[in-house]
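Novice: This is the structure I want to talk about, given as structure tokens.
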Amino acid sequence: MQRNAVNAQATGRNKPSLTLIPKQRNVPYRPLLPAKPRHGEPLRASDNNDAPTKPGRSSLKTQLLRGPLPPDLFHAHPKIRQLQHILRGKHAQLRGLEGPLGTVVVPAYIWGAVSTLLGLHSALPALTGAAMGGLFALLHRFCDRHMWAAPPAPLTVVVTGGSRGLGKALAREFLAGGDRVLLTSRGAAAVEAAVAELREEVEAAGGPAAQVVGVAADVSDPAGLAAVEAAAVEAFGTVDAWVNNAGYSGSFQGMLEQQEEQIEQVVRTNLLGTLLGTRQAVRLFRRQPGGGHVFNMDGAGADGLPTPNYAAYGATKAGIAQLTRSLQRELSGTRVRLHMLSPGMILTDLLLEGATTANKQAFNILCEHPETVAAFLVPRIRAAVARDAAGTYTRFLT
């Protein structure tokens, strides 16, 4: 039964508005299939989370980036999906064999076909391909059990900047796995729209009933972050992971050409927002018996390299990397774990503000869609929490 909207109490200028979706327990991980842009739509780039997202079907690349969690390498292929459809009928007892068989047969077929085209005897290459496929199947099974362990119960995750772009894509992936999500954005209207859209997308994709809460809050305001914590505890009881995703890149301009207001927004959102968000999460996790995990986002400049035309942005990301390393040292020996995520360059509008045509062409080659990055990051975030790992650094390379 659907619960009514809940309003959490807040002090300060941001009063949170919440929308809670029904709860469902013990649901398997069923990733969603987000859409690619339509033909002719312009590509836009950003380093973090400002892109709008749309539901639909994902590419094979997105499926593969989800790692060895279902759907895996072979479930993503159309022929394997056709075989699964056949096995749902009178041969249902054979369901599940398409993965191991495909792992061995596909490499054998490919090596044999290539050898035939080259005029070579195909038997030895086919056997070699089958052996390589079998070895891959064993490694896949080992990693699935020991390196990519799924959490024993649904997670509760806070995602800041979750109304669009990477934040929304991350929320969608968590919800597809049956997790519970609290997302934030500065505007109440954006929060309500994102919550409604995510619920519709999850239901349309056949996933579990979405348990999602939205809170309007400014991440650079301590009172707003306190309201986020209060809302998460009220809605779900505990929090397992806090993802400081909110970010702003600013315009593609030299430092002297940028407006003071824009520089201030970059610093307040990226650096101050991550610092205050991490502090709020750490305070919460130190009160929880089981602790918790904080995930901070790096970006261009985190490695200390120059970021011309994004000097303020690069400075904030370098600061976030240093902040995370310092807090990892401070919190060693506690149940609070700090991690870094590297999403790479993501297609959005804001990154290309003021960019030349040549810059836009380069960005469109280098950047990736938010759904693709989220499909890579979320299984690894869930695995880090499941293993109670500390200090992981997950990098998506575009």
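Nothing in this text is a laboratory measurement; each read-out follows from the coordinates by a stated rule. No experiment lies behind these values; they were computed from the predicted model shown. Counting neighbours? That spans all protein chains shown, and the Cβs are built from the backbone with ideal geometry, glycine included.
Novice: Quick check: residue separation of Glu261 and Leu139 times 0.36 nm, minus the Cα distance between them. What number comes out in nm?
Specialist: Values: separation 122, 0.36 × 122 = 43.92 nm, distance 5.19 nm.
Extra length from Glu261 to Leu139 when fully extended: 38.7 nm.
Novice: Spelling out what I want: for every residue of the stretch 289-298, take phi, set θ = phi - 60°, compute 6.51 cos²θ - 1.76 cosθ + 1.60 (Karplus), and round to whole Hz; glycine and proline get x.
Specialist: x, x, x, x, 10, 10, 10, 9, 9, 8
Novice: Can you give me the long-range amide H partners of Val294? Hydrogens built in the peptide plane at 1.01 Å from N, cutoff under 5 Å, separation of 5 or more residues or another chain.
Specialist: Counting only residues 5 or more places away or on other chains, the set is Trp242, Arg337, Leu338, His339.
Novice: Separate question: Tabulate in residue order the Karplus-calculated ³J(HN,Hα) for the stretch 301-311, using 6.51 cos²θ - 1.76 cosθ + 1.60 with θ = phi - 60°, rounded to whole Hz; enter x for Gly and Pro.
Specialist: For the stretch 301-311, the Karplus curve yields x, 5, 8, x, 6, x, 10, x, 6, 9, 5 Hz.
Novice: Is the stretch 157-230 rounded, prolate or oblate when judged by the Cα gyration tensor, a ≥ b ≥ c being the square roots of its eigenvalues, rounded requiring a/c under 1.5 and prolate requiring a/b larger than b/c?
Specialist: Prolate.
Novice: To continue, here is another question. Scan around Asn245 for amide H atoms under 5 Å from its own, H built in the peptide plane at 1.01 Å from N, and keep only partners 5 or more places away or cross-chain.
Specialist: Thr160
Novice: While we're here: Could you give me the percent of Cα pairs per 10 Å distance bin for the stretch 248-354, shortest bin first, beginning at zero and ending with the bin that holds the maximum distance?
Specialist: The calculated distribution, bin by bin, is 15, 43, 27, 13, 3.
Novice: With the crude spin-label approximation of a point 7 Å out along Cα→Cβ, what separation in nm comes out for Arg387 versus Thr238?
Specialist: Between Arg387 and Thr238, the simple spin-label model gives 2.1 nm.
Novice: Name the long-range amide H neighbours of Val213: under 5 Å, sequence gap of 5 or more, or other chain; modelled H, no Pro or chain starts.
Specialist: When sequence neighbours closer than 5 places are left aside, the close amide H contacts are Val181, Leu182, Leu183.
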